[in-house]
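> This is the structure, below, for whatever I ask next.
The values are calculated or read from the model by the stated rules, or taken from the named source; none is laboratory data. Keep in mind the model is a prediction, meaning the values are calculated, not measured. Here the Cβ positions follow ideal geometry from the backbone for every residue, glycine too, while neighbour counts run over all protein chains shown.
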Amino acid sequence: MEKKLGVPAPVSAGGDDVTTWALPEGAIARLGQGLVETLAFSPDGHYLAVGTRVGLWWYEVETMSPVALWSAERGVFGATFSPNGKWIATINWENLIEVWDIQQGLRVTQIKTELSHLTFSPNSQRVATSDSATGTVTLWDPETGEPLEKFSCKSEKGGRFMPIAFSPNTHLLASTGRDEAGSDAELIIVWDVESGEQVACLTEHPGSIYRLCFSQCGQFLASGGENDGTVRVWDMVNWQQIQIYTDFGEADMNPSYSPEGVLRATAISYIERFGESIITVWDLESDEKLYSTIEDIGGIWGTVRFSNGSRLAHESRDGGIKVWFSGNSHTQESDYLPTYYPNSIVFSGDSKTLAAESKVYSETFLWDIESKRPRRTREREHLFTFSNGDSYIVSINEGTVTLLDIENIESPIVELTGHGKAWVQQAFTAAANLLACADEEGTIVIWNAQSGHEQCKLKHQLKDLPHDQSRITLLEFSPDGRFLLSQEFCGKSARLWDIEQAEEIHEFPRDKVGNVGGFSPCGLYVACGGEEAPDYMLWDVSRREVSTVIQDDETAPMYGIYFKFAFSPCGSYLACGGELKQPEILLWDIKQGQIHKRIPLPKHYENMMALAFSQCGKYLAGGIWWQQGFKKVPIHLWEAETGKQIATFLGHPTDIQGLAFSPNNELLASASFDGSILLWDMKPYM
């Protein structure tokens, strides 16, 4: 394989600004390269293919810089090169295999199948897929996509991971199975590729098998266990186990032979308490540790790739992608900054900075809009307010709370310690200069953010729910900072607090209120949705009572937790959407207390995930969950006053989780479950 890749127009690099590569129509930038799902080295080691939910990124290993992006309709969740370097096979979200001619940059064929694992044969003449549900391995012609052979386990079910390994001469094929569907112990089944006959069944593994590999000399087969820290080696002459390597703890073991015949293995063990993984490369024969690191990668196997017994690539929350080669004392790192599950996004008041919060990983990501470059923040930081161009972040770490201005992150405004309980939610109001944090037991502490003095302490009594649900998931100050909303997981309990009096002034009844949508811009109202009753409500904060109820059987939420609210900036309108019985958005005239407009949606568009008004109040944008049949998830743009749809943007392959207009109304930002944010040009509609 030549070092220079051919890349297909129109998705070739064509410049150094990766944020502009392979953009959908109407977008001007992509922030973040998508959640990493798989890694694969080219046979010569010059390139690293990084499959993300956005597409397939090509990295030059020497510089760890991206050189191309091959876009994909449904992301890339698996990738493997043919040994001759001619093809790369990718898997998307819908288990569609696509085989690409690398030099031509053209798709050769597509294969639709259920699969657990994917690999090429050593002679590059077959693509092998395994299906753990049926316990079968299928060989396909990579050029035509036609099935060539099928091997079925003589067992109840395939192995959990059902890895595939070919002998170097392609004569033998190994995979895994189970004698009984409910059994933990897995078998290794070896077939003769030409005859289709089973030549061996190895039964020594007491649990699941993570990976298989043959030695380059063709004399040995090695297997790594899942979560048991063992590697076993068999002699291929009589299929007897000749060696077992143990004492690697509760680790997933990925063995691989080097070209010189040295057996090495990557051990991946998980620290559940911290959500981190320890990745270690061992020389098994000498028991020498060659490389070790601790990364927060969520335990996803595809984000660690060990091949050829000498090269390792893995995801890193600190450095994007790291690559290690045997004999090197250091790793090479990309400058790729992952964006993990951005849920909510907001622009600074001057439209120069965009921030996205990931509730999954409890951190904030910042971008400079002009340069489109990310700004690193400290771990577990949460963005709370942008006002008059200023922005503040609350950083929590167990019992420590820190308030920072993003323009001067290194110098905290205030740092509070000694609480003794882990904080789970927080809020900040610049208007009243108050900082609020809720701990794991429902205690809410409110401080003066300038002095650090505790102003009051509140107790949100948690309901009797499972541990992972019994927690506060929402804290929100009213615009003037006089009141505070707190809500428990899935809308099980919502309360309104008077800060000055340090007392609860209202509990929203669980049988009537499914979720709370937050304060109106004027702070006079709280938007609510019914849990059982088919209605929407505005709750009057000063009068402590329901101000308006709109009952609407046709568009009522099917489930109280799945609805979205968005107030217009002037507070005149409230847009209501969610998982509704009818695909519509209700535009509610707050002053008149009635529906101003019904905005119809196409069929299957009822699962509205995000709603946002433009800062001028003229436009309303909405994004939905992915539905079966969607190649790209639509974002609709409507004229708020008339309900007229004026644009549809198609760019994300999965759920839209957040939308935000820039204060100057020139940009619409969309955050997706794919791990990226797209910036859409609004100037043509101004």
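> On the basis of being surrounded by 22 or more Cβ atoms within 10 Å (Cβ to Cβ) and outside any strand (DSSP E or B), does Gly75 make the cut?
Yes, satisfied.
> Looking at segment 96-113, is at least one residue buried (at least 21 other Cβ atoms within 10 Å of the Cβ), among the hydroxyl-bearing types (Ser, Thr, Tyr) and part of a strand (DSSP E or B)?
No: zero hits.
> Among the residues of segment 191-215, write down those that are crowded, with 17+ Cβ neighbours inside 10 Å and more than 37 Å from the chain's Cα centre (by Cα).
Listed by number, the residues that qualify are Trp191, Val193, Ala200, Leu202.
> Let me ask something additional. Report, by residue number, each residue of segment 628-677 that is in a strand (DSSP E or B), free of Cβ contacts under 8 Å to residues at least 60 places away in the same chain and in contact with a Ser or Thr (Cβ under 9 Å, 6 or more places away or on another chain).
Listed by number, the residues that qualify are Val633, Pro634, Ile635, His636, Leu637, His652, Ile656, Leu668.
> Follow-up question, since we're still on this one. So which residues in segment 234-271 are among the β-branched types (Val, Ile, Thr) and surrounded by 19 or more Cβ atoms within 10 Å (Cβ to Cβ), if there are any at all?
Hits for segment 234-271 are Thr266, Ile268.
Table: residues versus (1) in a strand (DSSP E or B); (2) at pLDDT below 85; (3) within 23 Å of Ile446 (Cα to Cα); (4) not hydroxyl-bearing (Ser, Thr, Tyr).
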position	(1), (2), (3), (4)
Ile505	yes, no, yes, yes
Gly518	yes, no, yes, yes
Cys528	yes, yes, no, yes
Ala533	no, yes, no, yes
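> OK, next. Against the condition touching a strand residue (DSSP E or B) at 6+ places or on another chain (Cβ under 8 Å), aromatic (Phe, Trp, Tyr) and part of a strand (DSSP E or B), how does Phe151 come out, does it pass?
yes
> Can you find, within segment 612-664, the residue that is surrounded by the most Cβ atoms within 10 Å (Cβ to Cβ) among those that are under 15 Å from Glu73 (Cβ atoms) and of a type in the set (A, V, I, L, M)?
Val633
> So, in segment 599-611, exactly how many residues are part of a strand (DSSP E or B) and buried (at least 18 other Cβ atoms within 10 Å of the Cβ)?
6
> It is to be established whether one or more residues within segment 577-592 are in contact (Cβ under 8 Å) with a residue 60 or more places away in the chain, closer than 25 Å to Asn95 by Cα and either touching a Leu at 6+ places or on another chain (Cβ under 9 Å) or buried (at least 21 other Cβ atoms within 10 Å of the Cβ) (or both).
no
> Then there is this: Being closer than 30 Å to Thr176 by Cα, surrounded by fewer than 21 Cβ atoms within 10 Å (Cβ to Cβ), in contact (Cβ under 8 Å) with a residue 60 or more places away in the chain and under 23 Å from the mean Cα position of the chain (by Cα): is that true of Arg53 here?
Considered against the rule, which asks whether it is closer than 30 Å to Thr176 by Cα, surrounded by fewer than 21 Cβ atoms within 10 Å (Cβ to Cβ), in contact (Cβ under 8 Å) with a residue 60 or more places away in the chain and under 23 Å from the mean Cα position of the chain (by Cα), Arg53 comes out as no.
> Quick one: count up the residues across segment 140-175 that are within 23 Å of Asn254 (Cα to Cα) and modelled with pLDDT of 90 or more. Give the steps one after another, and end with the answer.
First, pick out the residues of segment 140-175 that are within 23 Å of Asn254 (Cα to Cα): 153, 157-175.
Those left that are additionally modelled with pLDDT of 90 or more: 162-175.
Adding up the residues that qualify gives 14.
> Can you tell me which residue in segment 273-285 is nearest to Ile244 (Cα to Cα), limited to those that are modelled with pLDDT under 95 and outside any strand (DSSP E or B)?
My answer is Glu285.
> Let me ask another. Is it true that some residue in segment 228-241 is of a type in the set (Phe, Trp, Tyr), within 12 Å of Pro255 (Cα to Cα) and part of a strand (DSSP E or B)?
no
> Would you check if Asp368 is exposed (fewer than 15 other Cβ atoms within 10 Å of the Cβ), modelled with pLDDT of 75 or more, more than 26 Å from the chain's Cα centre (by Cα) and not hydroxyl-bearing (Ser, Thr, Tyr)? I'd like the intermediate steps shown before the answer.
Numbers: exposed (fewer than 15 other Cβ atoms within 10 Å of the Cβ): yes; modelled with pLDDT of 75 or more: yes; more than 26 Å from the chain's Cα centre (by Cα): no; not hydroxyl-bearing (Ser, Thr, Tyr): yes.
Considered against the rule, which asks whether it is exposed (fewer than 15 other Cβ atoms within 10 Å of the Cβ), modelled with pLDDT of 75 or more, more than 26 Å from the chain's Cα centre (by Cα) and not hydroxyl-bearing (Ser, Thr, Tyr), Asp368 comes out as no.
> Looking at the structure I just gave you, is Leu404 touching a residue at least 12 places away in the same chain (Cβ under 8 Å), within 22 Å of Gly518 (Cβ to Cβ), aliphatic (A, V, I, L, M) and part of a strand (DSSP E or B)?
Taking the combined requirement at face value, the residue does not satisfy it.
To keep it simple, each residue is scored yes or no on (1) at pLDDT below 85; (2) surrounded by 20 or more Cβ atoms within 10 Å (Cβ to Cβ).
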| residue | (1), (2) |
| --- | --- |
| Ile297 | yes, yes |
| Gly302 | yes, no |
| His314 | no, yes |
| Gly389 | yes, no |
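> When you check Gly229 against the structure, is it in contact (Cβ under 8 Å) with a residue 40 or more places away in the chain, farther than 25 Å from Glu37 by Cα and surrounded by fewer than 20 Cβ atoms within 10 Å (Cβ to Cβ), yes or no?
no
> Now, a different point. State all residues of segment 468-501 that are more than 16 Å from Ala427 (Cβ to Cβ) and at pLDDT 90 or above; if no residue qualifies, say none.
Answer for segment 468-501, where residues must be more than 16 Å from Ala427 (Cβ to Cβ) and at pLDDT 90 or above: Glu500, Gln501.
> Is at least one residue of segment 170-188 of a type in the set (Lys, Arg), free of Cβ contacts under 8 Å to residues at least 60 places away in the same chain, buried (at least 17 other Cβ atoms within 10 Å of the Cβ) and under 24 Å from Ala79 (Cα atoms)?
no
> Go through segment 39-62 and give me each residue that's among the β-branched types (Val, Ile, Thr) and either under 15 Å from Trp324 (Cα atoms) or assigned to a strand (DSSP E or B) (or both).
Scanning segment 39-62 gives Val50, Thr52, Val61.
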